[in-house]
Amino acid sequence: MSQQTTVKFSWNHQKLAGMERYALLGMFRMGYDIAAQARANAPVVSGALRNSIRTEADDTTMYIRAGGTISTGTSAGRRFARLVDYAEKREIGPNRNPATVHYMQNARIQIMSGDYMKKYFGGITR
């Protein structure tokens, strides 16, 4: 007569749902940190470029954007809009300060260095 040993395991759907939540939270936290680092890296003339760096998110995607229309309003009865249309030019250079070229790309590299997986996504296994 032969003897059998069995190990049984199955998906824990409740735990899997929690893992997705932790992954999304980690992604959003990392996006906010990339945006903050991009602001610190950006060249400064008037501060408008730094002020234009922002995060935009939907349920599953995080965007870090720079440039575009950053403010609108009225002053003395006239409508105005502040347009930062040079964000891409400052990203690819040349800039007055060569250290500020690729301010967005370098922010991503800076944040995603070291043990970033543990920092942003370590909660997945809790």
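The values are calculated or read from the model by the stated rules, or taken from the named source; none is laboratory data. Small disclaimer: the values here were computed from a predicted structure and weren't measured. When we count neighbours, we look across all protein chains shown, and the Cβ atoms used for this are built from the backbone with ideal geometry, even at glycine.
Filtering region 103-120 for residues that are over 21 Å from residue 41 (Cα atoms), of a type in the set (Gly, Ala, Ser), at pLDDT below 90 and out of contact with any helix residue (DSSP H, G or I) (no Cβ under 7 Å at 6 or more places or on another chain) leaves an empty set.
In region 11-98, counting only helices (runs of 4 or more DSSP H) that sit wholly within it, the ones holding 2 or more residues that are among the hydroxyl-bearing types (Ser, Thr, Tyr) and surrounded by 11 or more Cβ atoms within 10 Å (Cβ to Cβ) span 13-41. The set of residues in region 104-126 being within 21 Å of residue 65 (Cβ to Cβ), surrounded by 14 or more Cβ atoms within 10 Å (Cβ to Cβ) and among the β-branched types (Val, Ile, Thr) consists of 111 alone. Quick check: anything in region 1-13 within 20 Å of residue 112 (Cα to Cα) and of a type in the set (D, E, K, R)? Within region 1-13, not a single residue is within 20 Å of residue 112 (Cα to Cα) and of a type in the set (D, E, K, R).
The number of residues in region 105-123 being of a type in the set (Ser, Thr, Tyr), within 30 Å of residue 89 (Cβ to Cβ) and touching a residue at least 60 places away in the same chain (Cβ under 8 Å) comes to 1.
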